[in-house]
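In what follows, a single structure is set out as structure tokens and then discussed.
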Amino acid sequence: MHAIFHGGPYGEDVGRCVPGPPAPEILTVSPVRGEVHVYRLGTVGSWSDPDDPIAVYNPDGPPVPPSLLSDQEKELLRQAQQRRGLGPIGLVALFRGRLARDPDVSTIESMLAGLRHREHLLLQRLTDHDEGDRYIQVLLDEDDTYEVEHQAGTAAERDRTRSPSLAAVRDAVLRWAADQPSRRTALEGPEPGDGT
């Protein structure tokens with residue numbers, strides 16, 4: 001079916017075809033390598049023929065986090081490291097379409113400080129496939145709060161926290177990256193009524 005896009009990279013492209021009907025609620029496009037633009041379906045209508053619907057998309061869809069590396073991608077990274085004569089990779093950072101191998105503290109701090117609204121930073125441990133995915137991701141929301149989600153192995157062990165403090169998020173992410181315990185404590189505010 002045809003679509004009209006208000007703004008974004010497809011803003012001038014009248015009548016672009018999209019899958020459907022029905023039109024997908026969310027469309028993600030990559031106009032530039034490493035960049036992701038998200039459109040959200042606004043309405044479906046027709047100029048003249050009800051049998052020829054047109055989807056109208058707005059450029060303010062939900063933020064899309066980077067995808068976790070698959071087992072195959074992890075293995076390819078391991079093989080590339082081995083070919084270069086380098087040691088195994090323990091951690092990768094995915095930020096704005098780029099991958100950093102075993103990022104150091106200053107790299108992680110720089111990525112966190114560089115987050116723009118609706119952007120994610122994802123750190124993923126390269127574990128064996130039977131251990132499940134271990135990751136932590138940070139989203140800077142439009143209200144200047146940080147949403148931090150981490151998973152330790154299985155989806156059942158996923159946890160999500162919000163914080164307005166970049167310093168607290170930085171501490172939690174660096175503790176997680178260093179595989180230190182108590183990575184959530186920096187993000188947990190005082191209990192209601194404890195006076196702190």
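With the structure loaded, tell me whether Thr127 is in contact with a strand residue (DSSP E or B) (Cβ under 8 Å, 6 or more places away or on another chain), modelled with pLDDT of 90 or more and either under 21 Å from His37 (Cα atoms) or not acidic (Asp, Glu) (or both) or whether it fails that test. Talk me through it step by step, then tell me what you get.
Details: in contact with a strand residue (DSSP E or B) (Cβ under 8 Å, 6 or more places away or on another chain): yes; modelled with pLDDT of 90 or more: no; either under 21 Å from His37 (Cα atoms) or not acidic (Asp, Glu) (or both): yes.
No; evaluated as a whole, the condition is false for this residue.
Of all residues in the stretch 94-138, how many are aliphatic (A, V, I, L, M) and in contact with a Ser or Thr (Cβ under 7 Å, 6 or more places away or on another chain)?
Number of matching residues: 1.
Report, ordered by the first and then the second residue, all pairs with beta carbons closer than 9 Å, sequence separation of six or more or different chains, a first member in the stretch 106-132 that is open to solvent by 30 Å² or more (accessible area, probe 1.4 Å), and a second member that is of a type in the set (Gly, Ala, Ser) and modelled with pLDDT of 90 or more.
Thr107/Ala93; Thr107/Ala100
Give the stretch 68-105 a look and list any residue that's of a type outside the set (A, V, I, L, M, F, W, C) and touching a residue at least 24 places away in the same chain (Cβ under 8 Å), or say none.
Across the stretch 68-105, the qualifying residues are Asp71, Lys74, Arg78, Pro88, Gly90, Arg96, Gly97, Arg98, Arg101, Pro103.
Being among the aliphatic types (A, V, I, L, M) and assigned to a loop (DSSP other than H, G, I, E, B) is the filter; apply it to the stretch 55-90 and report the residue that is surrounded by the most Cβ atoms within 10 Å (Cβ to Cβ).
Leu69
For Pro190, which of the numbered conditions (1) at pLDDT below 90; (2) not in a loop (DSSP other than H, G, I, E, B) fails to hold?
It fails just one condition, (2).
The values are calculated or read from the model by the stated rules, or taken from the named source; none is laboratory data. In this text, all values refer to a predicted model and were calculated from it rather than measured experimentally. When we count neighbours, we look across all protein chains shown, and the Cβ atoms used for this are built from the backbone with ideal geometry, even at glycine. We work out accessible area using only protein heavy atoms, side chains counted, and drop any ligands, DNA or RNA first. Shrake-Rupley method; radii C 1.70, N 1.55, O 1.52, S 1.80 Å.
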